[in-house]
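**Student:** What follows is a structure written as structure tokens; I'll ask about it next.
The values are calculated or read from the model by the stated rules, or taken from the named source; none is laboratory data. Note that this is a predicted model, so its numbers are computed, not measured. Here the Cβ is made from the backbone with ideal geometry for all residues, glycine too, and neighbour counts use every protein chain on show.
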Amino acid sequence: MHDFHYVGQELYCEDRSISSLAAEFGTPLYVYSQQTFTRHYQALDQAMAGVDHAVSYSVKSNSNLAVLRLLRDLGSGFDIVSEGELQRVIAAGGSPSDCLFAGVGKTANEIEFALKRGIYCFNVESEPELDRINRIAGQLGVTAPVAVRVNPNVEAKTHAKITTGTYENKFGIAFEEVEAVYQRAGALEHLKPIGIQMHIGSQLTQVEPFEKAVRKVAPLIEKLAQQYPFEFFSIGGGLGIIYQPALESGASEWWESEKARDLLTPQRYAESLAPLLKPLGLRIFLEPGRFIAGNAGVLVTRVEYVKQTGDKNFVIVDAAMNDLIRPAFYEAYHEIVPIHAKSEGITSSDVVGPVCESGDAFCQDRPLPAMQEGDYLGLMSAGAYSMVMASNYNSRGFPAEVLVNGSQAEVVRARQPLEQLLQGERVPSWMT
Ligand code: LLP
């Protein structure tokens with residue numbers, strides 16, 4: 001996290017003052033650090049160095065073209081879940097042959113597109129999907145590489161909305177069924193089972209659920225790998241990050257700080273999983289999203305008004321739940337800091353957006369220094385599942401995104417002009 005740090009009173013992203021970026025590009029503004037993406041990718045990659053592995057960055061966490069290009073250049077492949085994400089990877093210069101295609105609802109068009117482009121593998125989540133891929137591959141005269149996503153029925157101990165590896169969840173094929181599904185896949189003419197995949201959840205802060213899931217599926221994998229030409233086992237993503245409070249840590253990375261003493265770090269992840277994975281003799285894919293992108297971004301917002309209602313102090317800012325939905329949707333914590341440091345007038349405050357919903361709040365009753373119109377605040381660790389989950393609710397345009405690299409800063413996504421919001425809409429003929 002040391003790429004976001006105060007120089008005197010000013011918060012910097014690498015060598016650029018965030019106030020000056022906000023003044024130049026306007027707010028709400030996502031500011032990303034190239035160095036953070038890079039180091040976090042490398043930290044995980046290096047931790048797993050003892051195992052034959054490949055990182056497939058989870059595009060859904062932050063799919064900006066610049067981010068995808070950066071990861072491609074670092075040597076990453078991609079975990080994708082839609083044709084749109086595959087198009088992004090291609091537009092960023094990535095290769096479909098480095099992509100794992102996941103998702104419970106792949107459409108026929110998506111499967112056809114991915115096959116024509118030479119996707120590395122489909123991670124299949126149901127038997128009807130196997131049939132559909134087989135049929136389309138047959139029509140195209142190709143063989144489709146497939147892996148079954150196994151649902152190991154292991155509790156991930158994370159937020160319910162981001163738990164994916166139990167039978168309460170829609171994902172994957174039940175552990176007990178997997179063998180029969182491979183038999184079926186093996187018998188279908190246009191399919192080639194080349195691996196197996198799992199993903200038990202996101203923002204995991206302990207290694208035990210991963211370890212439990214790997215221990216559970218490893219014997220099955222050993223058996224299946226003797227019958228089918230397996231190349232890989234993908235263990236999914238899910239490594240959690242520290243959201244609270246990221247800036248305080250004196251260490252250069254949060255996983256080196258005292259706060260991470262009992263948490264899942266890349267080292268602990270590798271130490272406990274590598275001995276279980278290595279004997280499988282397969283290439284291990286990792287599908288991290290948040291670990292790479294989460295700490296690499298800040299959402300910068302401008303204070304519009306401050307008002308008191310009863311005992312409450314509301315700081316009304318120009319970013320809203322449509323720009324960053326995580327607090328409203330998952331009760332997620334994001335550290336909030338003044339971009340120009342202040343310490344006077346600490347007041348318990350709610351930072352809220354202009355959207356007409358009571359849930360449009362970034363924090364409640366949090367101690368913050370006295371804010372004034374025109375001050376900037378930073379919502380930290382907004383690099384993953386932030387811009388990608390933005391919407392146009394309340395007819396608000398998407399914010400802009402800026403990537404910083406040392407002293408360079410460039411807009412990597414322009415602020416959405418409001419005219420674009422009306423594109424494609426029309427009044428029907430019977431009203432005109
Ligand atoms: N692989 C698969 C198949 C996934 O479904 C996901 C995330 C990942 C990898 C990457 O997981 P990560 O390493 O980022 O934890 N919007 C939520 C998170 C949703 C995660 C969905 N799947 C949030 O803001 O917390």
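**Student:** Among the residues that make up the stretch 13-30, is at least one of them crowded, with 24+ Cβ neighbours inside 10 Å and within 17 Å of the chain's Cα centre (by Cα)?
**Tutor:** yes
**Student:** Right, another one. Restricting the stretch 222-261 to residues that are over 29 Å from residue 81 (Cα atoms) and among the charged types (D, E, K, R), which is farthest from the ligand (Cβ to nearest atom)?
**Tutor:** Among those residues, the one meeting the criterion is 258.
**Student:** Take residue 145 and decide whether it is of a type outside the set (A, V, I, L, M, F, W, C) and within 18 Å of residue 230 (Cα to Cα). Can you show your working first?
**Tutor:** Working: of a type outside the set (A, V, I, L, M, F, W, C): yes; within 18 Å of residue 230 (Cα to Cα): yes.
Here the answer is yes, as residue 145 does meet what is asked.
**Student:** Please return the ranges of strands (runs of 3 or more DSSP E) entirely within the stretch 138-248 where 1 or more residues are more than 25 Å from residue 48 (Cβ to Cβ) and in contact with a helix residue (DSSP H, G or I) (Cβ under 9 Å, 6 or more places away or on another chain).
**Tutor:** Numbers: elements: 144-151, 191-197, 232-234.
Strands (runs of 3 or more DSSP E) meeting the threshold: 144-151, 191-197.
**Student:** Of (1) assigned by TED's automatic domain parsing to the domain that holds residue 77; (2) under 22 Å from residue 385 (Cα atoms), residue 331 satisfies all except one. Which?
**Tutor:** For residue 331, the exception is condition (1).
**Student:** Is there a residue in the stretch 145-163 that is small (Gly, Ala, Ser), farther than 18 Å from residue 273 by Cα and out of contact with any Asp or Glu (no Cβ under 6 Å at 6 or more places or on another chain)?
**Tutor:** Scanning the stretch 145-163 turns up at least one residue that is small (Gly, Ala, Ser), farther than 18 Å from residue 273 by Cα and out of contact with any Asp or Glu (no Cβ under 6 Å at 6 or more places or on another chain).
**Student:** Which one of these does residue 203 not meet: (1) away from the ligand (no atom under 13 Å from the Cβ); (2) within 19 Å of residue 270 (Cβ to Cβ)?
**Tutor:** Going through (1) away from the ligand (no atom under 13 Å from the Cβ); (2) within 19 Å of residue 270 (Cβ to Cβ) one by one, residue 203 breaks only (1).
**Student:** If residue 281 satisfies all but one of (1) outside the structural domain of residue 237 (by TED's automatic domain parsing); (2) more than 22 Å from residue 405 (Cα to Cα); (3) of a type outside the set (A, V, I, L, M, F, W, C), what's the number of the condition it fails?
**Tutor:** Residue 281 satisfies every listed condition except (1).
**Student:** Looking for something surrounded by 22 or more Cβ atoms within 10 Å (Cβ to Cβ), of a type outside the set (A, V, I, L, M, F, W, C) and out of contact with any Pro (no Cβ under 7 Å at 6 or more places or on another chain) - is there at least one such residue anywhere in the stretch 169-183?
**Tutor:** yes
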